[in-house]
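What follows is a short report on a single structure.
The values are calculated or read from the model by the stated rules, or taken from the named source; none is laboratory data. Computed from a predicted structure; not experimentally measured. Here the Cβ positions follow ideal geometry from the backbone for every residue, glycine too, while neighbour counts run over all protein chains shown. Ligands, DNA and RNA are excluded from the accessible area calculation, which covers all protein heavy atoms including side chains. Shrake-Rupley method; radii C 1.70, N 1.55, O 1.52, S 1.80 Å.
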Amino acid sequence: MLAGPAREIARWTIDLTVDPTANVSADVTADLTVDLTVVANRLPVERLRNRWVVSPGGLVAALEPVMHERRAAWVGWPGGSASGLPSMSPRGIRLVPVPLGDDEVRDYYHGMSNGTLWPLFHDRIRLPTFHRHWWHCYQTVNDRFAGLAAQTAGPGGTVWVHDYQLALVPRRLRELRPDVRIGLFLHIPFPSPDLFAQLPWRAELLRGLLGADALGFQTRQDADHFRAAACSLAGAWRTRGGLVHGGRSIRVDALPIGIDTNNIVALARAEKTLEKMAEIRGLLEGRRLFLGVDRMDYTKGIRPRLRAFETLLQRRPDLAEHAVFLQVAVPSREMALNYASTRGEIEQLVGSINGRYARLGRVPVQYQYARLDIDELVAYYRAADIMVVTPPRDGMNLVALEFVTTRVRNLGVLILSEFAGAAQHLRQALLVNPYDVDGVADAYERALDMPESEQRRRMRALRTAAQRQDVHDWARRALDAITAPATGAAA
Ligand code: G6P
């Protein structure tokens, strides 16, 4: 589900007991007992064949503890039919499904969310498409989420909205329920105001967000971009803590998301991870392992990192025998614009590199288009020598944080794009510009030749930095920001 959130890679799956008696079409009437309502495009559960399972994903793992402490509900799309959906998650979170018709999935989800906002907010890595009927559908669907949230939240409760799919929910919800505190966290970047200004519905989208009491962003730059856009395009005014709009104060904070550090460390040390890691290292027969793990998405920079590997092999053809690049691409949004072509381009490049450099029993690029479960993922992290994370733009990038967290022996190298939010924190990575393919290849050489003493020095600092970004702290800080009274006089 979400970046991360919304986590990107297949993770914790816990079986849910299907509750066949759950009446999913029951009227959702204001629930006096709900203190915290999370509103996200997806519910924290998903249907796998004929059972409902907890969705793999960092957001779900992040929010469950804070939700468990409160009486909580989650409003979201079940990803298809809600039939057989239990009324509660295993941790006692009330599930409120938002139904979407096929046309709405096409126009609101694949269209406006992933064909317009996603590429626009990621610096137009692909051209966004602007269609007025997508926008109208986005409004309709956002209204529906807001309506169900309004019926679910208890009096004076807190409603926490997530991500770009639901930018209009805060304002709509405020009209329906002026008594609740409303926050929204944007898991993806907020673009520079010049790029954002291309959106034909820019002022309405900003006014939608400005309906919140508190807005959270991944980085200071995202928060600055938002403030600048809100002032120039929606008539907001700056204050010390954020903005004033329509006579109300709105907090604007940079609140970088993190990972479930303790859980990742425990997995990294688990016996079965060590066994799996030994198995992987055995298969490598002494070759150095470069690793990339991402959702299959053009924002992740899979192609430039493979082109850099090709450049490395051109420079040092002997490495075809001594190094392997394993790229795992997790299937994602296969129906949205540009996703199938991105996959095609990557697969073609893998074929062309291997066509040129493979020898019997020695294939330099190993590619998997598959979901990984968390145990396997952590074993790959531990087995790798060099982790490659090269998005041309990314809100945070949790893979980079997870990788360093698993490096309990302080060895290994992280190569990280300077355009990922994580680069603000992981300063001891080898930071690269993914548009500079030769520069990325230089970083590969540097990583291959890096002495263990330098690896240790860097990795220790990286692990300390990642440890400061615990997702449970993030959730608590974000909730505090939503519930704290707004401060700051107009600047
Ligand atoms: C990103 C977004 C999330 C989204 C996730 C998976 O991390 O920020 O909001 O949930 O990708 O994408 P999907 O479209 O499958 O929900």
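Worth a mention:
- In the set Thr140, Thr158, only one residue is farther than 30 Å from Asp123 by Cβ and of a type in the set (Ser, Thr, Tyr); that residue is Thr158.
- Criterion (outside the structural domain of Ser192 (by TED's automatic domain parsing) and touching a Ser or Thr at 6+ places or on another chain (Cβ under 6 Å)) met by exactly one of Ala268, Ala254: Ala268
Listed here are the residues, each with its yes/no results for (1) in contact with a Phe, Trp or Tyr (Cβ under 7 Å, 6 or more places away or on another chain); (2) touching a residue at least 60 places away in the same chain (Cβ under 8 Å); (3) under 29 Å from Gly216 (Cβ atoms).
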{"position": "Leu401", "(1), (2), (3)": "no, yes, yes"}
{"position": "Thr406", "(1), (2), (3)": "yes, yes, yes"}
{"position": "Val413", "(1), (2), (3)": "no, no, no"}
{"position": "Ser417", "(1), (2), (3)": "no, yes, yes"}
{"position": "His425", "(1), (2), (3)": "no, yes, yes"}
{"position": "Glu445", "(1), (2), (3)": "no, yes, no"}
{"position": "Arg460", "(1), (2), (3)": "no, no, no"}
{"position": "Ala475", "(1), (2), (3)": "no, yes, yes"}
{"position": "Thr483", "(1), (2), (3)": "no, yes, yes"}
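- Of the strands (runs of 3 or more DSSP E) entirely within the range 71-169, those holding at least 1 residues that are more than 15 Å from the ligand (Cβ to nearest atom), more than 25 Å from Pro189 (Cβ to Cβ) and open to solvent by 30 Å² or more (accessible area, probe 1.4 Å) occupy 94-97.
Listed here are the residues, each with its yes/no results for (1) open to solvent by 10 Å² or more (accessible area, probe 1.4 Å); (2) closer than 27 Å to Gly115 by Cα.
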{"residue": "Arg343", "(1), (2)": "yes, yes"}
{"residue": "Glu347", "(1), (2)": "yes, yes"}
{"residue": "Ser352", "(1), (2)": "yes, no"}
{"residue": "Val365", "(1), (2)": "no, no"}
{"residue": "Asp375", "(1), (2)": "yes, no"}
{"residue": "Val378", "(1), (2)": "no, no"}
{"residue": "Arg409", "(1), (2)": "yes, no"}
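- Residues that are touching a helix residue (DSSP H, G or I) at 6+ places or on another chain (Cβ under 7 Å) and not in a helix (DSSP H, G or I) were ranked within the range 440-474; the one that is surrounded by the most Cβ atoms within 10 Å (Cβ to Cβ) is Gln469.
- Val265 vs. criteria within 16 Å of the ligand (Cβ to nearest atom) and either under 26 Å from Asp480 (Cβ atoms) or not polar (S, T, N, Q) (or both): no
- Each residue in the range 39-55 was checked for being in contact (Cβ under 8 Å) with a residue 24 or more places away in the chain and either away from the ligand (no atom under 13 Å from the Cβ) or open to solvent by 10 Å² or more (accessible area, probe 1.4 Å) (or both), and 10 pass.
- Search result, residues across the range 317-341 that are open to solvent by less than 60 Å² (accessible area, probe 1.4 Å) and under 16 Å from Phe290 (Cβ atoms): Leu319, Ala320, Ala323, Val324, Phe325, Leu326, Gln327, Val328, Ala329
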